[in-house]
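The values are calculated or read from the model by the stated rules, or taken from the named source; none is laboratory data. These numbers come from a predicted model, not from an experiment. Cβ placement follows ideal geometry from the backbone for every residue including glycine, while neighbour counts extend to all protein chains displayed.
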Amino acid sequence: MPVETLIWKDRGLEILDQRLLPLKEVRLLLTTAEEVAEAIENLAVRGAPAIGIAAAYGVVIAALEHPDEMHVRLSIERLSRTRPTAINLFNALERMSVEVSNAFASRNPAGRLLEYAHAIYDEDREICRALARNGAELLSDGDTVLTHCNAGGLATSGYGTALGIIYTACEEGKRISVYADETRPLFQGARLTAWELSQSGVDVTVICDSMAADVLRQGRIDHVIVGADRIAANGDTANKIGTYGLSICACKHGVPFYVAAPMTSFDFSLSSGNDIPIEERNPAEIHSPFGTRITPVNVSYYNPAFDVTPAENISAIISEKGIARQPLNKALDVWRSNINSSHTNHFCV
């Protein structure tokens, strides 16, 4: 990765403001829990693992603001209301919440919580590397990958999930090229994925979302690899809106469709994707991209941020545990049984 997505700085969290990429690289220093919550809500920091990490540091900042256990717990509640779909947010907050009482029993509660937030950050770095090594086995020299949204270093502690697989394959000497869906309405593919890959020296071509089906039909794509914000027990997967349609096109044209996600993105408490909460965002993201209105005033809008891809459309799920192939529910049952509950409290209850 050309830059760090999240950096702890003494008494605050420094983030790269992803709303301004690729035209400007601006870093924000967040010094209150409310600032962290707002940064997550307005997508200054985004991507399921990254918002979980940011929220963990937000708990630390709350303890620095007011060394009072009730204030910290209220801040955890506030952070939990920022974005409903990505389970990583709730996993990280639950892990921090478990530590709050112990932290306030010590002489330095903020310091104790900071150690745990650092551990979550470091764990994500290790997880992304392990996941990427597993997924790189699926790619061969000369392959072309189609991606949707951004599941790279900007969405994690700095290496990525879906893009991490591509980085690792390139590090292994494989020549990999990428087609990046623009990913309307916020253009995370065109702005963020293309920026990441080009900065890292990976050959990338940006296409409109509506072009993906024809690109697949033409045989230009060897694999589709996407990330995930939440995965149900049966393998149904919530990811950026447009992923479901892409999976249908991949199935139609016989192209493997892979989901790359850490175990922190799994929610085994949900039997299927029908139960995954889907965030709806401000219609302005559709009618006024980058502040310029492009649609009539007197029309209605529907702006879900995510959709659910059914397990049967997914060729395999790649995590730090390995590669789960069809039938996904059986493979995921094995992963679930091997989970260390002390590190993944939220989805093991």
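Below, the figures for the structure above:
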{"read-out": "Flag for Asn91 being assigned by TED's automatic domain parsing to the domain that holds Arg19, at pLDDT below 95 and part of a helix (DSSP H, G or I)", "value": "no"}
{"read-out": "Qualifying residue in the range 141-148 (condition: over 23 Å from Thr237 (Cβ atoms), free of Cβ contacts under 8 Å to residues at least 60 places away in the same chain and of a type outside the set (Asp, Glu))", "value": "yes"}
{"read-out": "Identity of the residue in the range 188-200, surrounded by fewer than 20 Cβ atoms within 10 Å (Cβ to Cβ) and either in contact (Cβ under 8 Å) with a residue 12 or more places away in the chain or of a type in the set (A, V, I, L, M) (or both), that ends up nearest to Val255 (Cα to Cα)", "value": "Ser200"}
{"read-out": "Of all residues making up the range 76-89, the number that are within 17 Å of Ile127 (Cβ to Cβ) and not aliphatic (A, V, I, L, M)", "value": "1"}
{"read-out": "Residues satisfying the stated conditions in the range 56-71, i.e. touching a Phe, Trp or Tyr at 6+ places or on another chain (Cβ under 9 Å) and closer than 27 Å to Pro262 by Cα", "value": "Ala56, Tyr57, Val59, Val60"}
{"read-out": "Unmet requirement for Cys149, which otherwise passes all of (1) in contact with a Phe, Trp or Tyr (Cβ under 7 Å, 6 or more places away or on another chain); (2) surrounded by 17 or more Cβ atoms within 10 Å (Cβ to Cβ); (3) closer than 22 Å to Pro289 by Cβ", "value": "(1)"}
{"read-out": "Given (1) part of a loop (DSSP other than H, G, I, E, B); (2) closer than 26 Å to Tyr159 by Cα, number of the condition Ile318 does not satisfy", "value": "(1)"}
{"read-out": "Pair list, Cβ < 7 Å and 6+ apart or interchain, from the range 165-176 residues that are assigned by TED's automatic domain parsing to the domain that holds Ile225 to residues that are assigned to a helix (DSSP H, G or I) and surrounded by fewer than 23 Cβ atoms within 10 Å (Cβ to Cβ)", "value": "Ile165/Ala136; Thr168/Arg133; Thr168/Ala136; Ala169/Ala136; Glu172/Ala136; Ile176/Cys170"}
{"read-out": "Some residue of the range 279-300 being crowded, with 21+ Cβ neighbours inside 10 Å, touching a Lys or Arg at 6+ places or on another chain (Cβ under 9 Å) and not in a helix (DSSP H, G or I)", "value": "no"}
{"read-out": "Selection within the range 188-225 - among the basic types (Lys, Arg) and closer than 16 Å to Ala151 by Cβ", "value": "Arg191"}
{"read-out": "Count of the range 86-103 residues which are surrounded by fewer than 20 Cβ atoms within 10 Å (Cβ to Cβ) and either touching a Lys or Arg at 6+ places or on another chain (Cβ under 9 Å) or free of Cβ contacts under 8 Å to residues at least 24 places away in the same chain (or both)", "value": "3"}
{"read-out": "Long-range neighbours under 8 Å by Cβ, at least six apart or interchain, first residue among the charged types (D, E, K, R) within the range 15-33, second not in a loop (DSSP other than H, G, I, E, B)", "value": "Asp17/Arg27; Asp17/Leu28; Glu25/Leu16; Arg27/Glu14; Arg27/Ile15; Arg27/Leu16"}
{"read-out": "Close pairs (7 angstrom Cβ cut-off, 6 or more residues apart or separate chains): at pLDDT below 75 in the range 324-349, of a type in the set (Val, Ile, Thr) and surrounded by fewer than 15 Cβ atoms within 10 Å (Cβ to Cβ) anywhere", "value": "Asn345/Val98"}
{"read-out": "Lone qualifier among Gly227, Gly235, Gly245 - being at pLDDT 95 or above, on the phi > 0 side of the Ramachandran plot and either surrounded by fewer than 22 Cβ atoms within 10 Å (Cβ to Cβ) or in contact with a helix residue (DSSP H, G or I) (Cβ under 6 Å, 6 or more places away or on another chain) (or both)", "value": "Gly235"}
